[in-house]
Amino acid sequence: MHAITVSESQILNAPVTRREFLNYAFLASLGIFFVTLGGATFLFALPRFGAGEFGSVFNLGVAGDVIPPLTAAPSPNTPARSWVMQTEQGVLALYNVCPHLGCLYGWQEVTNRFECPCHGSKYQKDGTYISGPAPRSLDRFVIRFTDVDGNDLAETNAKGEPLPIPSPDAVMAVDTAKIILGKQHG
């Protein structure tokens, strides 16, 4: 028997067979598919909170114009999904979703409190739990007051206590990315 020798130039110059071409085309299309899928997954996973989107900071305006008086009903802010009100201790921004099952609660003028229409949870004006199946008081957002130049004047503490208004001319912002859970009851 004699050995068959094939030179490198013969291998490199050999025509691609139909089977090899289809294999290369399949692997190339599979590679393109997975690169595209990976890129789309990566871009989908990135947080994108622009100004005016829930999960970002909402500049509500000058404190004297946007905060309701002490005796007035809380003011709804639909884009920021919050209720803004003034208590004797300061200003609060409550998340407008009931902590029980995620229903949207509302302010009831007749009873002077928040009530969830779905399951009947009731809360005081400052969001404190009164009764119903909710496991805790209403959740709060962090409020920030700045001057006209953007310098911070005051910010809600980690407990979510009412924030005193530093000046009627301060600019009020609600940070919907920072939710402070309500106090557990019972």
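What follows draws every value from the coordinates through simple rules; no lab data is involved. Note that this is a predicted model, so its numbers are computed, not measured. Using ideal geometry, Cβ is built from the backbone for each residue, glycine included, and neighbour counts are taken over all protein chains shown.
Compute the length gained on full extension between Thr17 and Ser131: take 0.36 nm times their separation in residues and subtract their Cα-Cα distance, giving the result in nm to one decimal.
Gain on stretching Thr17 to Ser131: 33.3 nm.
For the residues Glu155, Glu109, what sequence is obtained by ranking on other C-beta atoms within 10 Å, fewest first?
Glu109, Glu155
Return the sequence-ordered ³J(HN,Hα) values of region 57-62 in whole Hz as given by the Karplus equation 6.51 cos²θ - 1.76 cosθ + 1.60 applied to θ = phi - 60°, using x for Gly and Pro.
9, 9, 7, 7, x, 5
Could you sort the peptides 61-70, 13-22 by per-residue average Cβ neighbour count (10 Å cutoff), highest mean leading?
Ranking, from highest mean packing down: 61-70, 13-22.
Pairing the Cα long axis of helix 18-45 with the longest principal axis of the chain, what angle in degrees results, from 0 to 90 and rounded to the nearest 10?
For helix 18-45, the angle is close to 10 degrees.
Rounded to the nearest 500 deg cm²/dmol, what is the calculated helix-only ellipticity per residue at 222 nm for the chain, with -39500 (n - 2.57) per DSSP H run of length n ≥ 4?
The per-residue figure over the chain is -6000 deg cm²/dmol.
Can you work out ³J(HN,Hα) from phi for every residue in region 72-87, in order, using Karplus 6.51 cos²θ - 1.76 cosθ + 1.60 and θ = phi - 60°, giving whole Hz and x for Gly and Pro?
For region 72-87, the Karplus curve yields 7, 5, x, 9, x, 10, 4, x, 8, 6, 9, 10, 10, 8, 10, 10 Hz.
When DSSP beta bridges are limited to those with both residues in the chain, what percentage is antiparallel, rounded to the nearest 5?
Of the beta bridges lying entirely in the chain, close to 100 percent run antiparallel.
With +1 on each Lys and Arg Cβ and -1 on each Asp and Glu Cβ, and nothing else charged, work out how big the dipole of the chain is about its Cα centre, in Debye to the nearest 20.
The dipole of the chain has a size of about 780 debye.
Put +1 on the Cβ of each Lys and Arg and -1 on the Cβ of each Asp and Glu in the chain; which of Leu104, Cys118, Leu46 then has its Cα farthest toward the positive end of the dipole?
Cys118
How many percent of Cα pairs in the chain exceed 21 Å?
62 percent
Report the gain in length on full extension from Lys159 to Val62: 0.36 nm times residue separation, minus Cα-Cα distance, nm rounded to one decimal.
Extending this stretch completely gives an extra 32.5 nm.
Give me the one-decimal nm value for the distance between modelled label points at Ser167 and Asp152, 7 Å along each residue's Cα-to-Cβ direction.
Placing both labels 7 Å along Cα→Cβ, they lie 1.8 nm apart.
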